[in-house]
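Each remark here refers to the structure printed beneath this line.
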Amino acid sequence: NDQATIESKNNHLVRRYAFYWRYDTPEELTLLNQLWPLVNDRLNFFTPTKKPTDWSTDAAGRRKRLYDAPKTPFDRLLAAGVLSPDQAAQLRDRRDRINPAELARRIQSLQDRLTGLARDRTLALQAEAATPLPDTTRGIKLRPAS
């Protein structure tokens, strides 16, 4: 199911880096547009991932997923051999110019600013939309059958 995969990826990326707050002002949009290129650089150049390669069975006969060695998406792209030497050199140069610690600080700074702008407004909307549960401490009143 492609939709489930997309939602899984969105939850991984969007919720991890932009959280669950409501962003609907131009200032928040500007901050989000600054955040995503940094997140993409972090994920593509510095975050190794495992990819499923096959299935196996364990001693009890249960199916078990097998994975390859963790690699960054950039390393997988280089290994695929689909880039020209010039493209590969440009991407290597871009990766080498990125300081991972500075990248993390910039992402954190943008996240802090986004949270500061949206947190109170989101919580107020959530409280406004929440309907109170019925009072169960009084018990259930039965009406006589007519």
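Bear in mind these aren't lab numbers, they're just calculated from the coordinates by the rules spelled out. Just so we're clear, the structure is a prediction, and the values are computed from it rather than from any experiment. Positions of Cβ are backbone-derived with ideal geometry, glycine not excepted, and every protein chain shown enters the neighbour counts.
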Within the stretch 16-113, chymotrypsin sites (Phe, Trp or Tyr not before Pro) in DSSP loop having at most 10 other beta-carbon neighbours inside 10 Å: TYR20
Grab the Cα-Cα distance for ARG119 and LYS64, subtract it from 0.36 nm times how many residues apart they are, and report the gain in nm with one decimal. 15.6 nm
Estimated FRET transfer efficiency (THR53, PHE19; beta-carbon r; R0 35 Å; 0.05): 0.60
For the stretch 9-76, what is the relative contact order in percent, using Cα pairs closer than 8 Å and at least 6 residues apart in sequence? 26
Efficiency of FRET between LYS71 and ALA104 - r from beta-carbon atoms, R0 22 angstrom, step 0.05: 0.60
Can you list the HN-Hα couplings for the stretch 66-79, worked out from phi with the Karplus curve (6.51, -1.76, 1.60; θ = phi - 60°), rounded to whole Hz and with x for Gly and Pro? 9, 10, 7, 6, x, 9, 6, x, 4, 5, 5, 5, 5, 5
Could you list the trypsin sites (Lys or Arg not before Pro) in the stretch 19-84 that lie in coil according to DSSP, counting only those with at most 16 other Cβ atoms within 10 Å of their Cβ? ARG22, LYS50, ARG62
Which value in nm describes the separation of the simple spin-label points at ALA88 and TRP36, placed 7 Å from the Cα toward the beta carbon? 3.0
